[in-house]
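The values are calculated or read from the model by the stated rules, or taken from the named source; none is laboratory data. Please read these numbers as outputs of a predicted model, since none were measured by experiment. Here the Cβ is made from the backbone with ideal geometry for all residues, glycine too, and neighbour counts use every protein chain on show.
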Amino acid sequence: MQEPYVINSKLVGIPSSFITYTAGNDRKRSAIIQNNNKIDAIMINQLSDEDCVVVEVWANEIKLYAVSIYFDINNDIERDIKKMESILHHANGSGLIIAADTYARSTVWFDCITNQRGGKARRIHNYQQSVYSIQFNRLDNLQYFTASIHYRVEEW
């Protein structure tokens, strides 16, 4: 989740039965929410901050990393790309789920144009392609997950 609702640097509006992963002391712009207590998960503190949360997840003997990252449009995108490259290196071929607000436009994620930030962010995609098997949803079959349906998702 990027840009969650925050009051005094604390997330609000999340049911208390959910486990919330955030990092840092300032305004949180990234978080991961866990609603299944049968999954073991731990936040990787050395890779996490207010704008990036990395959680190692174990479920049914499967290890993967969940990443929520916010790229501040006022910062040089190279800083965030280097952070993503560190995360990809840490994952070292393990499963990886990335939710990112990059403030970048790219045809890689079905935009009609690629802007300068999108061209730079494409490096992340290229690295993923070289390490992971990635499958994108087709444009006519996009899947969405919104807060209004989170109670119906049971096995996440």
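Okay, residues lined up against (1) at pLDDT below 80; (2) over 20 Å from GLN46 (Cα atoms); (3) of a type in the set (D, E, K, R):
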{"position": "TYR65", "(1), (2), (3)": "no, no, no"}
{"position": "ASP76", "(1), (2), (3)": "no, yes, yes"}
{"position": "LEU88", "(1), (2), (3)": "no, no, no"}
{"position": "LEU96", "(1), (2), (3)": "no, no, no"}
{"position": "GLN128", "(1), (2), (3)": "yes, yes, no"}
{"position": "VAL131", "(1), (2), (3)": "yes, yes, no"}
{"position": "ASP140", "(1), (2), (3)": "yes, yes, yes"}
{"position": "PHE145", "(1), (2), (3)": "yes, yes, no"}
- Assess whether SER30 counts as being of a type in the set (Ser, Thr, Tyr) and under 16 Å from the mean Cα position of the chain (by Cα). yes
- Only one of SER68, SER9, SER86 is under 30 Å from LYS120 (Cβ atoms), under 11 Å from the mean Cα position of the chain (by Cα) and of a type in the set (Gly, Ala, Ser); which? SER68
- Query: Condition test on GLY24, is it of a type outside the set (S, T, N, Q), free of Cβ contacts under 8 Å to residues at least 40 places away in the same chain and under 22 Å from ALA121 (Cβ atoms)?
  - Reply: no
